[in-house]
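J.: There's a structure below that I have some questions on.
The values are calculated or read from the model by the stated rules, or taken from the named source; none is laboratory data. In this text, all values refer to a predicted model and were calculated from it rather than measured experimentally. Positions of Cβ are backbone-derived with ideal geometry, glycine not excepted, and every protein chain shown enters the neighbour counts. Surface areas here come from the heavy atoms of the whole protein model, side chains and all, with no ligands, DNA or RNA. Shrake-Rupley method; radii C 1.70, N 1.55, O 1.52, S 1.80 Å.
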Amino acid sequence: METFTHIKTVLGIILGLSITHSLKGVVKIIEHPDRFKVYTVHLLWAFYMFLSTVYFWWFEVHLTEIKHWDFLIYLFLVIYVITYYTLAALLFPEDMKDYKDFRSYFLSRKKWFFYILAILFLFDAFDTYLKGPGYHMEMLKVYPIREIIHITACLVAARTDNKWVQIITVSAFIVFQIYWILNYYMNG
């Protein structure tokens with residue numbers, strides 16, 4: 001159990017940085033509303049990533065089901081949580097001086113964002129496998145479909161600037177994330 005506590009601390013630090021980065025980005029928009037015009041799609045993806053990061057932190061409690069830890073599992077988990085930070089940083093850059101608004105910024109970085117988000121779902125599949133057959137079998141009915149649809153949607157969204165495709169995609173992700181949380185994790 002000592003190893004898990006150590007690993008949980010490192011993961012928590014990185015996830016905390018992700019949440020902090022996202023919250024700082026939103027607060028900057030609130031503090032300086034006239035500096036950069038907001039973009040609905042961008043804000044919806046920021047909300048989705050915040051919700052997903054908080055949710056990730058919650059469901060990683062199942063890491064206690066891993067009985068034998070080694071450095072490769074630890075390294076995988078560190079890289080996995082780094083993707084959450086990377087996505088937060090892509091949504092809220094430190095410097096926006098080369099962009100007139102969040103729309104132009106988001107569209108210029110959308111391929112990076114969606115390809116990394118697709119990788120995040122691949123990492124999620126491996127993370128689920130690591131937690132053992134009991135954990136995986138419980139979710140097996142919907143989980144593979146969820147992963148395939150999410151990865152495919154990321155690949156499509158990476159290739160379009162169409163605002164409505166983006167809004168429908170992010171809205172579907174948010175609705176499904178809320179469904180997933182309520183259905184699988186609401187009762188601990």
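J.: Which residue pairs have Cβ atoms under 9 Å apart, sit 6 or more places apart or on different chains, and have a first residue in segment 1-14 that is open to solvent by less than 100 Å² (accessible area, probe 1.4 Å) and a second that is outside any helix (DSSP H, G or I)?
T.: Filtered contacts from segment 1-14: 3/69; 4/66; 4/69; 7/69.
J.: Then there's this: Can you spot a residue in segment 61-82 that is surrounded by fewer than 15 Cβ atoms within 10 Å (Cβ to Cβ), over 27 Å from residue 164 (Cα atoms), of a type in the set (Asp, Glu) and without any contact (Cβ under 8 Å) to a residue 40 or more places away in the chain?
T.: Checked against the condition, which is being surrounded by fewer than 15 Cβ atoms within 10 Å (Cβ to Cβ), over 27 Å from residue 164 (Cα atoms), of a type in the set (Asp, Glu) and without any contact (Cβ under 8 Å) to a residue 40 or more places away in the chain, segment 61-82 yields at least one hit.
J.: A follow-up question, please. For segment 90-104, which residues satisfy the criterion of being open to solvent by less than 30 Å² (accessible area, probe 1.4 Å) and in a helix (DSSP H, G or I)?
T.: Those that are open to solvent by less than 30 Å² (accessible area, probe 1.4 Å) and in a helix (DSSP H, G or I): 91, 102.
J.: Can you pull out the residues in segment 17-53 that are open to solvent by less than 20 Å² (accessible area, probe 1.4 Å) and assigned to a helix (DSSP H, G or I)?
T.: Within segment 17-53, the first condition is being open to solvent by less than 20 Å² (accessible area, probe 1.4 Å), and the residues that meet it are 18, 21-22, 25, 39, 41-42, 45-46, 48-49, 52-53.
Within segment 17-53, 18, 21, 22, 25, 41, 42, 45, 46, 48, 49, 52, 53 qualify.
J.: Determine, yes or no, whether residue 117 is touching a residue at least 12 places away in the same chain (Cβ under 8 Å) and touching a Cys at 6+ places or on another chain (Cβ under 7 Å).
T.: Spelling it out, residue 117 is indeed touching a residue at least 12 places away in the same chain (Cβ under 8 Å) and touching a Cys at 6+ places or on another chain (Cβ under 7 Å).
J.: While we're looking at this one, here's another question. Quick one: residue 112 ticks every box in (1) outside any helix (DSSP H, G or I); (2) loosely packed, with under 14 Cβ neighbours inside 10 Å except a single one, so which number is it?
T.: Result: residue 112 fails condition (1) only.
J.: Please tell me if residue 85 is within 14 Å of the chain's Cα centre (by Cα) and assigned to a helix (DSSP H, G or I).
T.: yes
J.: Next question. Against the condition at pLDDT below 95 and either in contact with a helix residue (DSSP H, G or I) (Cβ under 8 Å, 6 or more places away or on another chain) or not acidic (Asp, Glu) (or both), how does residue 156 come out, does it pass?
T.: no
J.: May I pose another question? Checking the structure you have, find out if any residue of segment 65-76 is outside any loop (DSSP other than H, G, I, E, B) and of a type in the set (Lys, Arg).
T.: The answer is no; no qualifying residue exists.
J.: With the condition kept exactly as written, say whether any residue in segment 79-90 is hydrophobic (A, V, I, L, M, F, W, C), closer than 15 Å to residue 18 by Cα, modelled with pLDDT of 80 or more and in contact with a Lys or Arg (Cβ under 7 Å, 6 or more places away or on another chain).
T.: Yes, there is a match, as at least one residue in segment 79-90 is hydrophobic (A, V, I, L, M, F, W, C), closer than 15 Å to residue 18 by Cα, modelled with pLDDT of 80 or more and in contact with a Lys or Arg (Cβ under 7 Å, 6 or more places away or on another chain).
J.: Would you confirm, using the coordinates I've provided, whether residue 107 is part of a helix (DSSP H, G or I) and in contact with a Cys (Cβ under 6 Å, 6 or more places away or on another chain)? I'd like the intermediate steps shown before the answer.
T.: Numbers: part of a helix (DSSP H, G or I): yes; in contact with a Cys (Cβ under 6 Å, 6 or more places away or on another chain): no.
No, not satisfied.
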